[in-house]
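S.K.: Below are the structure tokens for one structure; questions will follow.
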Amino acid sequence: MENKMFCYQCQETAGCKGCSVRGVCGKTPEVAALQDLLIYVTKGCAALTTALRSEGKEVSYEVNHRITLNLFTTITNANFDGAQITKRIADTLVCKEELLQQLEDKRELPEAALWTAEPSAYMEKAKSVGVLATQDEDIRSLRELITYGLKGLSAYSKHANVLLADDAELDAFLQRALAATLDDTLSVNDLVALALETGKYGVKGMALLDGANTQAYGNPEITKVNIGVGKRPGILVSGHDLRDLEMLLEQTKDSGVDVYTHSEMLPAHYYPAFKKYKHFVGNYGNAWWKQTEEFASFHGPILMTTNCIVPPKDSYKDRLFTTGASGYPGCKHIEGEIGQEKDFSQIIALAKTCRPPEEIEQGQIIGGFAHAQVFALADQIVEAVKSGAIKKFVVMAGCDGRAKSRSYYADFAKALPQDTVILTAGCAKYKYNKLNLGSIGDIPRVLDAGQCNDSYSLAVIAMKLQEIFGLEDINELPIVYNISWYEQKAVIVLLALLALGVKNIHLGPTLPAFLSPNVTKVLVDNFGIASIGSVEEDMKIFFGE
């Protein structure tokens, strides 16, 4: 039977092989096709910008931002709105034509750089440019690994860009690497090298965003976050974009409306700059995949600033707003380009008519252990390691998800020896950040660095410990890696860790479907990548217990 679509970029892809009828995420075949075409024309655009740079010509930030946002739009659970994606394709075709006019030598351009058409022809073209257009399984696997890594990198870049931070070298690499996935002359070895180079620039992208966030909002600090509710109407902010949150907080001052974070927005509470807002009252709920029940009980409007959208239920769809790269048909979209002030007045007006949130839990959770805060505790941590109070650190960063097999991560955290400390970032923490795992002295056993966007902190902490202990190899540290993944930001985190030389990473709950057997073997043989087993088996591997 002919596939209606094909997508295998996320961990939950059907049968760990690929979604061919409808996306497990809820993506329709039509939206999947439009996303495939958007990636294709964006690769063509990247081929043009790369050629222009080789001729010594400048590429504008506006073009760089377009390419970045196009990639971000296709991340899992970010945008389900076919009309929005169609417009992005059309606008990118106009951009390509303008770039083409500036280029002197057009002889070596790929077809994607030259193709143009009216919207009526988009769906037909999309049939021939998707993932399966690359016949060789290993070349396809590596091209997709690179593309998904670049999608993750685009997320870091976009969040930095909205805080007016840009890196021309980073943009040039992202576009060069994206264009290279069209190059049929590149071998498996060439693409493996490019994947590792993508990881190297992943570290650079993480550093760019970290610098932009901390310059704008200060260094995250140890913070106890309320998980109960107040008595006033509220607005719930989900996704990852701190600039959107800042604008909303400013516009809701003295409005009688409270603001809450959800899922990956929780770490916003750790930044000093946001603590001045008295109506920024806490975090509501858990990881992204529980939103269908939690958004219903919140009662007020929800602002999705990025991924991760679950197709909304009718009980709250009319209260769901999107902005930036996110979109869902039938939901209102708040416009606003980089550097512009977004108008959230319609969300605020709606909130005033809604009941206060329904309480679903009480208490506090602690976080704020990004690299600056951990460095402030360095003496305590080093002493705890030297005395044997801390035997190992376990990096359990990454993503949460719906699969029942992900209960492994809660069970693993519970089973850890009492002399271990978890280092985490991303929504994976929701499997164990409310378990009350205790402390080692004054050091909590779960150190939350923040969003998946803050995974940079975990790398910086590891490198700092390597320096403190005078180790030549980062793998000599008492750190083990048991990472859960879901979408493409986890891919760039993985590539970044590999580029830093980290080995023996366990990845779960399944290895990516887009890794062919031969590419998997390269990762296993060269980096010791492994899938998870049972909790008991993995305890023996990590701790000999």
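The values are calculated or read from the model by the stated rules, or taken from the named source; none is laboratory data. Model, not experiment: these values are computed from the prediction. Ideal geometry is used to build each Cβ from the backbone, glycine not excepted, and the neighbour counts take in all protein chains shown.
S.K.: Considering only residues that are of a type in the set (S, T, N, Q), within 20 Å of residue 307 (Cα to Cα) and in contact with a Gly (Cβ under 9 Å, 6 or more places away or on another chain), which ones fall in segment 1-15?
M.R.: Listed by number, the residues that qualify are 11, 13.
S.K.: For the condition surrounded by fewer than 17 Cβ atoms within 10 Å (Cβ to Cβ), among the basic types (Lys, Arg) and either under 20 Å from the mean Cα position of the chain (by Cα) or at pLDDT 95 or above (or both), what is the one hit in 158, 224?
M.R.: 224
S.K.: List the number of the failed condition for residue 531; all other conditions in (1) crowded, with 17+ Cβ neighbours inside 10 Å; (2) touching a strand residue (DSSP E or B) at 6+ places or on another chain (Cβ under 8 Å); (3) more than 21 Å from residue 150 (Cα to Cα) hold.
M.R.: (1)
S.K.: OK, next. For segment 101-126, what are the residues that are closer than 15 Å to residue 47 by Cβ and in contact with a Ser or Thr (Cβ under 9 Å, 6 or more places away or on another chain)?
M.R.: 105, 112
S.K.: Then there is this: So, residue 232, is that one more than 28 Å from residue 443 (Cβ to Cβ) and in contact with a Pro (Cβ under 7 Å, 6 or more places away or on another chain) or not?
M.R.: For residue 232, the condition - more than 28 Å from residue 443 (Cβ to Cβ) and in contact with a Pro (Cβ under 7 Å, 6 or more places away or on another chain) - is met.
S.K.: Next question, about the same structure. Could you please tell me which pairs satisfy a Cβ distance under 6 Å, a separation of 6+ or placement on different chains, a first residue in segment 15-37 that is without any contact (Cβ under 8 Å) to a residue 24 or more places away in the chain, and a second residue that is of a type in the set (A, V, I, L, M)?
M.R.: 24/14
S.K.: Pick out the one residue from 390, 360, 338 that is under 22 Å from the mean Cα position of the chain (by Cα), in a loop (DSSP other than H, G, I, E, B) and either surrounded by 13 or more Cβ atoms within 10 Å (Cβ to Cβ) or not assigned by TED's automatic domain parsing to the domain that holds residue 158 (or both).
M.R.: 338
S.K.: Give the residues of segment 89-136 that are surrounded by 12 or more Cβ atoms within 10 Å (Cβ to Cβ), more than 21 Å from residue 55 (Cβ to Cβ) and among the acidic types (Asp, Glu), sorted by residue number.
M.R.: 91, 136
S.K.: The conditions are (1) in contact with a strand residue (DSSP E or B) (Cβ under 9 Å, 6 or more places away or on another chain); (2) farther than 26 Å from residue 158 by Cα, and residue 84 fails exactly one of them. Which is it?
M.R.: Single failed check for residue 84: (2).
S.K.: Anything in segment 394-412 that is acidic (Asp, Glu) and surrounded by 21 or more Cβ atoms within 10 Å (Cβ to Cβ)? List them, or say none. Step through it out loud before you land on a result.
M.R.: Pass one, segment 394-412, residues acidic (Asp, Glu): 400, 411.
Within segment 394-412, 400 is the sole residue that qualifies.
S.K.: Would you point out the residue of segment 314-335, among those that are in a loop (DSSP other than H, G, I, E, B) and within 24 Å of the chain's Cα centre (by Cα), that is surrounded by the fewest Cβ atoms within 10 Å (Cβ to Cβ)?
M.R.: Looking at the filtered set, the residue picked out is 335.
Condition check ((1) in contact with a His (Cβ under 8 Å, 6 or more places away or on another chain); (2) of a type outside the set (Asp, Glu); (3) surrounded by fewer than 21 Cβ atoms within 10 Å (Cβ to Cβ); (4) at pLDDT below 95) across all residues:
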residue: 190; (1), (2), (3), (4): no, no, yes, no
residue: 195; (1), (2), (3), (4): no, yes, no, no
residue: 229; (1), (2), (3), (4): no, yes, no, no
residue: 235; (1), (2), (3), (4): no, yes, no, no
residue: 242; (1), (2), (3), (4): yes, yes, no, no
residue: 250; (1), (2), (3), (4): no, no, yes, no
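S.K.: Could you check, for segment 221-234, whether at least one of its residues is hydroxyl-bearing (Ser, Thr, Tyr), more than 23 Å from residue 322 (Cβ to Cβ) and not in a helix (DSSP H, G or I)?
M.R.: Yes: one or more hits.
S.K.: May I ask you to verify whether residue 347 is of a type in the set (A, V, I, L, M), under 29 Å from residue 486 (Cβ atoms) and not in a loop (DSSP other than H, G, I, E, B)? Steps first, answer last, please.
M.R.: Values: of a type in the set (A, V, I, L, M): yes; under 29 Å from residue 486 (Cβ atoms): yes; not in a loop (DSSP other than H, G, I, E, B): yes.
It is true that residue 347 is of a type in the set (A, V, I, L, M), under 29 Å from residue 486 (Cβ atoms) and not in a loop (DSSP other than H, G, I, E, B).
S.K.: Further, regarding this structure: Can you tell me which residue in segment 274-304 is surrounded by the most Cβ atoms within 10 Å (Cβ to Cβ), limited to those that are touching a residue at least 60 places away in the same chain (Cβ under 8 Å) and touching a Leu at 6+ places or on another chain (Cβ under 7 Å)?
M.R.: 304
S.K.: Also, quick follow-up: Could you list all residues from segment 206-221 that are among the charged types (D, E, K, R) and surrounded by fewer than 23 Cβ atoms within 10 Å (Cβ to Cβ)?
M.R.: 221 - this is the single residue of segment 206-221 that is among the charged types (D, E, K, R) and surrounded by fewer than 23 Cβ atoms within 10 Å (Cβ to Cβ).
S.K.: Scan segment 85-104 and report the pairs whose first residue is without any contact (Cβ under 8 Å) to a residue 40 or more places away in the chain and in the same structural domain as residue 67 (by TED's automatic domain parsing) and whose second residue is of a type outside the set (Phe, Trp, Tyr) and in a helix (DSSP H, G or I), with Cβ atoms within less than 7 Å and a gap of 6+ or a chain change.
M.R.: Hits for this filter: 90/119.
S.K.: Further question: Report, by residue number, each residue of segment 512-533 that is in contact (Cβ under 8 Å) with a residue 24 or more places away in the chain and among the polar types (S, T, N, Q).
M.R.: Hits for segment 512-533 are 516, 518, 531.
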